[in-house]
Amino acid sequence: QVQLVESGGGLVQAGGSLRLSCAASRTIFSINFMGWFRQAPGKQRELVAGIASNGITNYADSVKGRFTISRDGAKNTVNLQMNSLKFEDTAVYYCNAGGWNGSWGQGTQVTVSS
C-alpha cells in the first residue's frame, strides 16, 4: 500500500486551467499503473488518465487533447495538467496507484463554472 495526497483542485472558469498533483508516500518506480479518476455527483467513478511505469499513457475520450498526465519518479509525484476546462469536468478527482484494487487518495474538488 502507498499513501497518496492530492492537491491543486479549486474553482476555475470554463476555458481555464488547473494542475493537480499527487504525492506518494514511497517510491513509485515499482508501481506500474498510476492514474487519475474522477467522480461527479450521481455518477460512477471513471478513469480520466493513466500512466504506466514505461511512460505509456491513456486518456478518456472526453479529455484527450486537453489533459496531460505525467509522473516524476524522483519526486514520487503524478501530475495532471488540465487545460480548456469545461463545466462537465466538475468532479472530485482521485489519485490512484495500482488500479481499482490499489491505493486511493482522499480526492480533491475541481469545480468549473460556466
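Looking at L4, L11, can you tell me which residue is in contact with a Cys (Cβ under 7 Å, 6 or more places away or on another chain) and either crowded, with 17+ Cβ neighbours inside 10 Å or not acidic (D, E) (or both)?
L4
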For the range 35-56, does any single residue satisfy the condition of being open to solvent by 20 Å² or more (accessible area, probe 1.4 Å), more than 21 Å from N101 (Cα to Cα), without any contact (Cβ under 8 Å) to a residue 60 or more places away in the chain and not small (G, A, S)? yes
Of residues in the range 57-77 being touching a residue at least 24 places away in the same chain (Cβ under 8 Å) and in contact with a Gly (Cβ under 9 Å, 6 or more places away or on another chain), the one least open to solvent (accessible area, probe 1.4 Å): I69
Go through the range 59-96 and give me each residue that's out of contact with any strand residue (DSSP E or B) (no Cβ under 6 Å at 6 or more places or on another chain), outside any strand (DSSP E or B) and closer than 14 Å to L20 by Cα. R66, N83
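The values are calculated or read from the model by the stated rules, or taken from the named source; none is laboratory data. In this text, all values refer to a predicted model and were calculated from it rather than measured experimentally. Cβ sites come from the backbone with ideal geometry, for glycine too, and all protein chains shown count toward neighbours. Accessible surface is based on the protein model in full, side chains and every heavy atom, while ligands, DNA and RNA are left aside. Shrake-Rupley method; radii C 1.70, N 1.55, O 1.52, S 1.80 Å.
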